[in-house]
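The values are calculated or read from the model by the stated rules, or taken from the named source; none is laboratory data. These numbers come from a predicted model, not from an experiment. Cβ: placed from backbone, ideal geometry, glycine included. Neighbour counts: every protein chain shown.
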Amino acid sequence: MPARPLLLVTGGSRGIGASLCLKAAQAGYDLVISYRSDHSAADKVASEARTAGAKVMTLAGDMAVEADILALFAAIDAFGTLTHVANNAGATGKSGRLVDTDTAVIREIIDLNVTGAILVAREAARRLSTTSGGKGGSIVNISSAAATLGSPGEYVWYAASKAAIDGLTIGLAREIASEGVRVNAVQPGLTETDIHAKSTGDAARVARLTPAIPMKRPGLPDEIADAVLYLLSDAASYVTGSILRVSGGR
């Protein structure tokens with residue numbers, strides 16, 4: 001029997017990441033679930049994934065900290081052979097105008113959403129690339145529709161961080177396309193997760209912005225996870241450097 005593929009999901013304890021973990025387990029992946037601090041949420045996702053047949057490792061770590069990223073990948077090396085990566089960990093910071101936002105908030109978001117994501121992609125590429133002795137694989141970066149909408153009055157720094165993810169996706173995809181690694185991104189639009197209350201501080205955001213969506217409803221985490229799974233899978237074998245928008249038309 002062939003070995004099950006091994007998928008790393010950063011930020012896998014809640015929201016889109018949690019949905020992706022459960023769907024991936026059902027689709028035949030083993031999992032490494034990286035999370036920052038919510039042990040109970042990570043354990044719940046891991047338990048459900050194991051019930052679906054997956055071998056699972058959970059590991060706490062801050063994806064804005066290089067030492068934690070390196071420790072994560074060292075643990076993965078001991079756990080199994082990495083084949084797929086969902087570069088999902090991210091945050092927005094509290095909603096507000098840029099002119100009113102502290103530098104510390106901006107740096108925190110850029111450290112996680114940009115520098116951290118780049119370092120995760122680097123470590124993944126080092127393991128997947130055939131040039132480095134890997135067997136190839138797939139990386140999907142989680143961007144946001146904010147990358148092109150700009151999020152004025154909410155968090156333009158977050159929008160800028162996700163535009164950087166789009167650039168990372170295109171550049172890295174072209175850099176390692178001949179080394180057996182595909183790199184793509186998903187741009188979720190407004191999605192029903194707890195990020196609005198926990199990160200932006202704006203619990204009413206989904207209801208307020210829903211009328212601006214052509215489909216007149218927010219997305220569900222499972223709908224974003226399905227798009228990620230497609231790009232990870234062999235069904236997307238000729239897709240690299242692509243940015244798939246999943247936003248209900250917005």
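Any residue in region 158-178 that is in contact with a helix residue (DSSP H, G or I) (Cβ under 6 Å, 6 or more places away or on another chain) and free of Cβ contacts under 8 Å to residues at least 24 places away in the same chain?
yes
When you check Leu59 against the structure, is it in a helix (DSSP H, G or I) and either in contact (Cβ under 8 Å) with a residue 12 or more places away in the chain or buried (at least 19 other Cβ atoms within 10 Å of the Cβ) (or both), yes or no? Quick ask: steps written out before the conclusion?
Details: in a helix (DSSP H, G or I): no; either in contact (Cβ under 8 Å) with a residue 12 or more places away in the chain or buried (at least 19 other Cβ atoms within 10 Å of the Cβ) (or both): yes.
No: the conditions fail for Leu59.
Give Asp166, Asp222, Asp202 a once-over and let me know the one that is outside any helix (DSSP H, G or I), among the acidic types (Asp, Glu) and touching a Ser or Thr at 6+ places or on another chain (Cβ under 8 Å). Explain how you work it out, then say what you get.
Numbers: Asp166 fails: outside any helix (DSSP H, G or I); Asp222 fails: outside any helix (DSSP H, G or I).
So the residue among Asp166, Asp222, Asp202 that is outside any helix (DSSP H, G or I), among the acidic types (Asp, Glu) and touching a Ser or Thr at 6+ places or on another chain (Cβ under 8 Å) is Asp202.
Count, please, the residues in region 73-112 that happen to be loosely packed, with under 14 Cβ neighbours inside 10 Å and of a type in the set (Gly, Ala, Ser).
The total comes to 3.
Answer with yes or no whether Gly241 is buried (at least 19 other Cβ atoms within 10 Å of the Cβ), within 20 Å of the chain's Cα centre (by Cα), at pLDDT 95 or above and in a loop (DSSP other than H, G, I, E, B).
Working: buried (at least 19 other Cβ atoms within 10 Å of the Cβ): no; within 20 Å of the chain's Cα centre (by Cα): yes; at pLDDT 95 or above: yes; in a loop (DSSP other than H, G, I, E, B): yes.
For Gly241, the condition - buried (at least 19 other Cβ atoms within 10 Å of the Cβ), within 20 Å of the chain's Cα centre (by Cα), at pLDDT 95 or above and in a loop (DSSP other than H, G, I, E, B) - is not met.
Scan region 58-113 residue by residue and report those that are more than 25 Å from Leu172 (Cα to Cα) and acidic (Asp, Glu). Don't jump to the end; show me each part of the working.
Going through region 58-113, the residues more than 25 Å from Leu172 (Cα to Cα) turn out to be 58-60, 78-79, 93-105.
Residues satisfying the conditions are Asp100, Asp102.
Can you name the number of the only condition in (1) surrounded by fewer than 18 Cβ atoms within 10 Å (Cβ to Cβ); (2) farther than 23 Å from Thr101 by Cβ; (3) at pLDDT 95 or above that Ala163 fails?
Status for Ala163: all satisfied but (2).
Identify, please: which residue in region 88-115 is in a loop (DSSP other than H, G, I, E, B), of a type outside the set (Gly, Ala, Ser) and closer than 26 Å to Ala185 by Cα and is, among those, farthest from the chain's Cα centre (by Cα)?
Initially, region 88-115 is screened for residues in a loop (DSSP other than H, G, I, E, B), giving 88-97, 101-102.
Add one more test, that the residue is of a type outside the set (Gly, Ala, Ser), and what stays is 88, 92, 94, 97, 101-102.
Cutting the leftovers down to closer than 26 Å to Ala185 by Cα gives us 88, 92, 94.
Working: Asn88: 1, Thr92: 13, Lys94: 20 Å.
Only one residue fits best here, namely Lys94.
Sort out which residues of region 43-56 are in contact with a helix residue (DSSP H, G or I) (Cβ under 9 Å, 6 or more places away or on another chain) and either β-branched (Val, Ile, Thr) or in a helix (DSSP H, G or I) (or both), and write them in order of number. So that I can check it myself, show each step before the final result.
So in region 43-56, the residues in contact with a helix residue (DSSP H, G or I) (Cβ under 9 Å, 6 or more places away or on another chain) come out as 44-46, 48-56.
Scanning region 43-56 gives Lys44, Val45, Ala46, Glu48, Ala49, Arg50, Thr51, Val56.
Which condition from (1) part of a strand (DSSP E or B); (2) farther than 28 Å from Arg107 by Cα is the one that Thr210 breaks?
Here Thr210 clears every test but (1).
Identify the residue in region 1-42 that is in contact with a Cys (Cβ under 9 Å, 6 or more places away or on another chain) and assigned to a strand (DSSP E or B) and, among all such residues, is surrounded by the fewest Cβ atoms within 10 Å (Cβ to Cβ).
Ile33
Just to be sure, is Val120 part of a helix (DSSP H, G or I), surrounded by 18 or more Cβ atoms within 10 Å (Cβ to Cβ) and at pLDDT 95 or above?
Values: part of a helix (DSSP H, G or I): yes; surrounded by 18 or more Cβ atoms within 10 Å (Cβ to Cβ): yes; at pLDDT 95 or above: yes.
When the stated conditions are applied, Val120 passes them.
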